[in-house]
1. Within the chain, what is the number of lysine pairs with alpha carbons under 26 Å apart, leaving out pairs fewer than eight places apart on the same chain?
2. Which length gain, in nm to one decimal place, applies between Tyr48 and Lys4 when the Cα-Cα distance is subtracted from 0.36 nm times their residue separation?
3. Cut-off 18 Å, label point 7 angstrom out along Cα-to-Cβ of His68: give me the residues of segment 89-128 whose amide nitrogen falls inside.
4. Starting from 0.36 nm per residue, how many nanometres of slack lie between Glu57 and Lys15 once their C-alpha separation is accounted for?
Amino acid sequence: MLSKWLTSVEENGVKVETVIEKTELVEGDILNGSVYVTAHTEEHQIDYISLKVLCEELDGEFSILGKHSFQLVGGIRSKDGEIIPFEIIPDERWVCGKDEELILQTTVVFLDGVAIEEQGVITYSAIE
């Protein structure tokens with residue numbers, strides 16, 4: 001089992017990394033982690049960041065099971081950037097079928113309308 005997991009999006013001198021504490025969740029666990037935002041310029045150009053939990057179904061379609069989004073206020077001025085902790089509480093819909101995948105998707109939307117996303121697979125199991 002992976003203890004931590006990372007996605008990384010980089011564009012126009014801005015880097016957004018999503019780190020989750022556990023990739024394999026069981027009933028009662030909470031999906032938690034942090035989003036790290038660093039910029040190589042004095043002012044970031046991020047409109048907002050969105051986290052979505054998706055189930056990729058057999059036909060390739062995605063259904064949204066959970067989401068969390070946030071806007072950054074002000075510019076990033078420190079060398080270390082910003083750290084934004086998050087928690088998403090699972091429910092019974094997170095138990096995907098045998099050939100389906102549970103995905104955490106990070107989307108960064110810039111002020112110019114450009115949206116970049118990165119995703120990775122997580123698992124969730126119900127206690128029987």
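1. 15
2. Extra length from Tyr48 to Lys4 when fully extended: 13.5 nm.
3. Only 89-95, 102-109, 118-125 pass the distance filter.
4. On the way: separation 42, 0.36 × 42 = 15.12 nm, distance 3.01 nm.
Roughly 12.1 nm would be gained on extension.
Since every read-out is calculated from the coordinates, none of them should be taken as a lab result. Quick caveat, the model's predicted, so the values are computed rather than measured. When we count neighbours, we look across all protein chains shown, and the Cβ atoms used for this are built from the backbone with ideal geometry, even at glycine.
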